[in-house]
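A.B. asks: Here it is: the structure, laid out below.
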Amino acid sequence: RREAEELLKQRGRSRDLLIALAPGAKWRTKRWPEDNYSRLGDLLSQRLSADIVIVGDDEDRAISIRIAQAMDRKPIQTCGETSLRQLAALIEKCALLVSNDSGPMHLAAAVGTPVVAIFGPTVEEFGFAPRGERNVVLSRPLKCRPCSLHGRDSCPKGHFLCMRRIEPGEVFEAVLKLWTSVSRTDRDP
């Protein structure tokens, strides 16, 4: 936890509200489009005055860099720079995490950080959704969903509508609603 705090301090954390984005996933079809993450990051930074931290492993670094370059206010990038324990501590320090169906989503649920999870080719009914009541899963009901148990390298239909139809504004609204409800619950005796 001290190492996670030190990393945030070194990277210029300046705002009280810290929101994590986890844009990576092993399978490409489980990744919400990068430009959507950039637009969401800007919405969170501007409208909620949040510092944004991008989390993931070394394989997510290139994705993180592209997302950061497209954002107006540069996020704190940590992809590939933390151990699993440090990543868990970093996510624990966040008000919430926006994530694809991936490992950081499960870490957030394990440490009690609320999650807005974005599901495309997979479905909650497979049992991979984040556990707990302080989590939201966003998805689109399509005839072609689910297309696989764990994801694929490309959309079998070629349209990727399961992810492309989830808009940054919708994810922002889900974040706002979840953050407001969690903040209210944490304040209530």
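The values are calculated or read from the model by the stated rules, or taken from the named source; none is laboratory data. This one's a predicted model, so the numbers in the text were calculated from it and none came from an experiment. Here the Cβ is made from the backbone with ideal geometry for all residues, glycine too, and neighbour counts use every protein chain on show. In case anyone asks, the SASA skips ligands and DNA or RNA and just uses the protein heavy atoms, side chains included. Shrake-Rupley method; radii C 1.70, N 1.55, O 1.52, S 1.80 Å.
A.B. asks: Scan segment 107-122 for residues that are within 24 Å of L87 (Cβ to Cβ) and surrounded by 17 or more Cβ atoms within 10 Å (Cβ to Cβ) and jot them down.
C.D. replies: Across segment 107-122, the qualifying residues are L107, A108, A109, T113, P114, V115, V116, A117, I118, F119, G120, T122.
A.B. asks: Quick check on this structure: which one of A4, A20 is assigned to a helix (DSSP H, G or I) and open to solvent by less than 10 Å² (accessible area, probe 1.4 Å)?
C.D. replies: On inspection, the qualifying residue turns out to be A4.
A.B. asks: I'd like the full set of residues that are surrounded by 14 or more Cβ atoms within 10 Å (Cβ to Cβ), among the polar types (S, T, N, Q) and either in a loop (DSSP other than H, G, I, E, B) or on the phi > 0 side of the Ramachandran plot (or both), limited to segment 67-84.
C.D. replies: Matches in segment 67-84: T78, T82.
A.B. asks: Would you mention how many residues in segment 18-39 are closer than 23 Å to A89 by Cα, at pLDDT 95 or above and among the hydrophobic types (A, V, I, L, M, F, W, C)?
C.D. replies: So the count comes out to 5.
A.B. asks: Does D35 satisfy the criteria of being in contact (Cβ under 8 Å) with a residue 12 or more places away in the chain, surrounded by fewer than 18 Cβ atoms within 10 Å (Cβ to Cβ) and either of a type in the set (S, T, N, Q) or assigned to a helix (DSSP H, G or I) (or both)?
C.D. replies: Yes; evaluated as a whole, the condition is true for this residue.
A.B. asks: Are any residues in segment 156-169 under 21 Å from the mean Cα position of the chain (by Cα) and either more than 16 Å from S99 (Cα to Cα) or not small (G, A, S) (or both), and if so, which ones?
C.D. replies: Those that are under 21 Å from the mean Cα position of the chain (by Cα) and either more than 16 Å from S99 (Cα to Cα) or not small (G, A, S) (or both): F160, L161, C162, M163, R164, R165, I166, E167, P168.
Results for (1) under 26 Å from R85 (Cβ atoms); (2) touching an Asp or Glu at 6+ places or on another chain (Cβ under 9 Å), shown as yes or no for each residue.
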site	(1), (2)
E124	no, no
E133	yes, no
K143	no, no
R165	no, no
P168	no, yes
F172	no, no
